[in-house]
Each structure stands twice: as C-alpha cells, then as structure tokens.
1. Rounded to two decimals, what ratio of Rg to Rh does the stretch 45-164 give with C-alpha atoms and a Kirkwood Rh?
2. Of the heavy-atom accessible surface of the stretch 57-111 (probe 1.4 angstrom), what whole percent is carbon and sulfur?
3. Peptides 47-59, 23-35: what's the order by average Cβ count within 10 Å, highest mean first?
4. State in Å² the accessible area per residue of the stretch 26-164; use a 1.4 Å probe, count heavy atoms of protein chains only, and round to the nearest integer.
5. Output the Kirkwood hydrodynamic radius of the stretch 91-137, Cα pairs only, in Å rounded to one decimal.
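The values are calculated or read from the model by the stated rules, or taken from the named source; none is laboratory data. A quick note: this is a predicted structure, and the numbers were derived from the prediction, not measured. Reconstructed Cβ throughout: ideal geometry from the backbone, glycine too, with neighbour counts over all protein chains shown. These area figures cover heavy atoms from the full protein model, side chains too; ligands, DNA and RNA do not enter into them. Shrake-Rupley method; radii C 1.70, N 1.55, O 1.52, S 1.80 Å.
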Amino acid sequence: MTATQRRGRRIMMTDAERDAFLAEQRTCRVATVAPDGHPHVGALWYVWDGTALWLYSITRSLRWSQLLKDPRIAVVVDAGESYGELRGVELRGTAVPVGETPRTGEPCAELDAPERQFASKNFGLKEMVHDGRHAWLRLTPETIVSWDFRKLNNVSAKSSPSGV
C-alpha cells in the first residue's frame, strides 16, 4: 500500500498527472545505501507501468551490489529549469530483481510489458535487445511524493484580487 503525501497538497500531482509525468520522462536518479550507511546516487533510464517503476541496471554496478545487500531504494524523477517550473516525483521502497541476472532474453511473462515499453520509449524499437550485462529491478513504491511548482503560479493568480 502506498503512503499518502501529507505536505504540499497544493502542489502535489494528481495520479493522472503523476502517471503522465513519469511516462514522458526518461531519466531517474536512484539512491541506494552503502554498507557504511552513506547514500549512493546514480542515473538510470526507467519505465513506469502505473504501479511499479522498472529499472534496467548494469549487474556489475555499485548500485546492483548495494541493492543485493540492502534492497531499500529511493528514486527521483524531476524536470524544470526555473524555480516556478520545478516538478517531480520521489518513489521509495524495496527493489526486487525480476528475470535472470544478467538478462539474456529468457522467457519471463512478468517482463513482457516493461521490456516492450522500455524498448519503445528509449530506443524506438518493438522488442528489447539484451546485452547480457543488464537486469531488471522492480520498485513497487511504498511511498510516493510529488510536486509541481507550476501550481503555485496558478494558486497565486487565483488568490490575487485582480485575478492576474
């Protein structure tokens, strides 16, 4: 079950806005926990299926080895240049490997949809090409927090006496 966002309700995205935002973005920042407790952050491409974030990670990466020891993960997807344009989503939970490691393309029904979506979104292909170096992680978030600072401009305009 996903925790409800408590702060920033004025700027939080609706479920539809969040899903559209996650579908249009390509890159996320993934935070894992090192054995000494320090965070490690790196960028990855991903796909969002409406309930889970699918990450395609190199299996010989620091990220992968840290997640095998401690599967807690936080992921941020954000966009915007100026302060008033900032928007994003943070997803937190546990990363679960899915399919063989590394992925070579063995049949795995659970990966059919994410792989088609990933291949289309990132490469313009109909099918996933496997390189034997990557594998899939699924994050079904326990907590989702979102923000869209563009909504602050709309709130300010609505609350000003002239409506401008």
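1. That ratio is 1.12, to two decimals.
2. The value for the stretch 57-111 is 53 percent carbon and sulfur by accessible area.
3. Ranking, from highest mean packing down: 47-59, 23-35.
4. Accessible surface, normalised per residue, equals 54 Å².
5. Every distinct Cα pair counted, the radius reaches 11.3 Å.
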